[in-house]
Amino acid sequence: MNPDNDSIKPASAPCPLAAIASDDLFVHYTLDPARLGDRPMTERRLADLRGCFADGAAFEAALRRGNPLLYSVSPVEPASGDGQLHYGLGVLQPGKIGAEYFMTKGHLHAHRPAAEVYVGLAGEGAMLLEDEATGESRLVPLLAHSVVYVPGRTAHRTVNTGAAPLVYIGIYPSNAGHDYAPVAKNNFRHVVIERDGRPAPVPRAEIKNRRLAGSPV
């Protein structure tokens, strides 16, 4: 959930309770507006996701009209070391680039075995999961009052398929780290588009081929 940290934090000695700040032991979150107390939010705008959307022409056309906010993240890192957890609040705005829904950049964990749990708080969306070794992809709903398990060694991207902001919390090991490089280089093999009024995963190559052929996506 940390949008820029791509390093693995080294293991440290067990963290005593007294070493954790009281405002890290208890954090009150709100949904309107979606915030973790008064903690700052890191924003990602359309220009930050260049190369993520399969329909490059639609991306450039949208960017000429403006640079809207796509998502924001607020991480909480109470302690590091064996057994410790970090978490973050994510808010992904609704919208589309061409037929593709607004999404996050997506990433793997720098410590590949690390898994993650996403808890849906508000809105309607999905998690696009891709096994790093096999390329197998799955689209899993992420809804309010739901939990999505992301296994280790799995690239994951959040997609807003609804009409309102998608709000969620991600919980992960403190040593997970975030590795954006493989996704930046290869992207996901599938994209999530609206098809027949519903979100559907389709091969990225299909979108590009349709664009080249002048066919509607």
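Kindly indicate whether TYR168 is under 26 Å from ARG50 (Cβ atoms), in contact (Cβ under 8 Å) with a residue 24 or more places away in the chain and surrounded by fewer than 18 Cβ atoms within 10 Å (Cβ to Cβ).
No; evaluated as a whole, the condition is false for this residue.
Could you please find all residues in segment 122-148 being part of a strand (DSSP E or B) and surrounded by fewer than 20 Cβ atoms within 10 Å (Cβ to Cβ)?
Once the filter is applied, which keeps residues that are part of a strand (DSSP E or B) and surrounded by fewer than 20 Cβ atoms within 10 Å (Cβ to Cβ), segment 122-148 yields ALA122, GLU124, ASP131, SER137, ARG138, LEU139, VAL140, PRO141, LEU143, SER146, VAL147.
Given the criteria farther than 19 Å from LEU31 by Cα, surrounded by fewer than 20 Cβ atoms within 10 Å (Cβ to Cβ) and not aliphatic (A, V, I, L, M), does PRO173 qualify? Write out each step before concluding.
Working: farther than 19 Å from LEU31 by Cα: yes; surrounded by fewer than 20 Cβ atoms within 10 Å (Cβ to Cβ): no; not aliphatic (A, V, I, L, M): yes.
When the stated conditions are applied, PRO173 does not pass them.
Please report, ordered by residue number, the strands (runs of 3 or more DSSP E) entirely within segment 1-118 with at least 1 residues that are modelled with pLDDT of 95 or more, crowded, with 16+ Cβ neighbours inside 10 Å and among the aliphatic types (A, V, I, L, M). If you could, list the steps in order and put the result at the bottom.
Values: elements: 29-31, 34-36, 42-45, 69-76, 85-92.
Qualifying strands (runs of 3 or more DSSP E): 34-36, 69-76, 85-92.
Please enumerate the residues belonging to segment 150-165 that are assigned to a loop (DSSP other than H, G, I, E, B) and without any contact (Cβ under 8 Å) to a residue 40 or more places away in the chain. Don't jump to the end; show me each part of the working.
In the first step, residues of segment 150-165 are kept if they are assigned to a loop (DSSP other than H, G, I, E, B); the result is 151-153, 161-165.
Matches in segment 150-165: PRO151 only.
Take segment 166-198 and flag every residue that is in a strand (DSSP E or B) and more than 14 Å from the chain's Cα centre (by Cα). Quick ask: steps written out before the conclusion?
Filtering segment 166-198 down to residues in a strand (DSSP E or B) leaves 166-173, 179, 190-195, 198.
Within segment 166-198, PRO173, HIS190, ILE193, GLU194, ARG195, ARG198 qualify.
The values are calculated or read from the model by the stated rules, or taken from the named source; none is laboratory data. Quick caveat, the model's predicted, so the values are computed rather than measured. Every residue, glycine as well, gets a Cβ built from its backbone with ideal geometry; the counts of neighbours run over all protein chains shown.
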